[in-house]
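What follows is a set of notes on a single structure, which appears directly below.
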Amino acid sequence: MRRLGILLSGRGSNFLAIHRAIADGRIPDAEIAVVISNKTEAKGLEAARSLGLPALAIPQEGKGPAARETHDTKMIAALTDYGVELVCLAGYMRIISPAFVEAFPNRILNIHPSLLPAFPGLDAQQQAFEYGVKVAGCTVHFVDEAVDHGVIVLQKTVPVLDEDTVETLSAKILEQEHIAYPEAIARVLSETHGVVGRRYLPA
Ligand code: GRF
């Protein structure tokens, strides 16, 4: 069994999409080993507990680089304790340190609600909507030292229609996120592809 670790800060709909995909065989031979949040009150943690999955809150104590380092050290230790092979950031609203990235080289995935490299950072759907793009979407990528920057595993697009609002666009993107993330995880675990420079190509 390939062991996944999910990191989240909020509602956890991507986590639940991954959980469903494992249950119905779209991510073969995998299990969620642990769900960890930096937010004690995250809805996603509650959902994990009610599914009977190990769910931990590891909040950051204090501010500044030392506090950040201590927090990331605890996160790495917990993921290691649970034997996690692939870390999936699913609405994890923290920037992770280079030490964290080094601990799991090409073993951390993130999902971002825009077609990167357009609209990195917060409120990506709103940024895209306000820019006036005609095609929007989501990106699953490996995590490297820079924010929303690592090698792209896959992207899904949605058309932006004249009648769309930020809310309807965000909902359409989220629907695609729930398809894209399981697909990307299955691809990464199957090792049919590899990182070649900035590209993720059939091995
Ligand atoms: C998603 O839009 C994801 O792309 C972004 O944060 C949001 C998390 O939503 N990184 P959820 O907690 O998975 O429902």
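The values are calculated or read from the model by the stated rules, or taken from the named source; none is laboratory data. If you're wondering where the values come from, they're calculated on a predicted model, not measured in any experiment. So basically every Cβ, Gly included, is an ideal-geometry build from the backbone, and we count neighbours across all protein chains shown. Note: areas computed on protein heavy atoms with side chains; ligands, DNA, RNA excluded. Shrake-Rupley method; radii C 1.70, N 1.55, O 1.52, S 1.80 Å.
For this structure, a couple of remarks:
- Residue list for region 134-178, filter: free of Cβ contacts under 8 Å to residues at least 40 places away in the same chain, of a type outside the set (D, E, K, R) and in a helix (DSSP H, G or I): Thr168, Ala171, Gln176
- Any chance Leu16 is within 12 Å of the ligand (Cβ to nearest atom), surrounded by fewer than 21 Cβ atoms within 10 Å (Cβ to Cβ) and not in a loop (DSSP other than H, G, I, E, B): yes
- Scanning region 4-12 for residues that are in contact (Cβ under 8 Å) with a residue 60 or more places away in the chain, β-branched (Val, Ile, Thr), within 27 Å of Gly197 (Cα to Cα) and within 13 Å of the ligand (Cβ to nearest atom) turns up at least one hit.
- Only residues that are away from the ligand (no atom under 12 Å from the Cβ) and surrounded by 13 or more Cβ atoms within 10 Å (Cβ to Cβ) were counted in region 137-154, giving 9.
- Yes/no for Gly91 being on the phi > 0 side of the Ramachandran plot and loosely packed, with under 14 Cβ neighbours inside 10 Å: no
- When Glu167, Glu175, Glu183, Glu191 are checked against the criterion of being charged (D, E, K, R), open to solvent by 50 Å² or more (accessible area, probe 1.4 Å) and over 19 Å from the mean Cα position of the chain (by Cα), Glu167 stands alone in meeting it.
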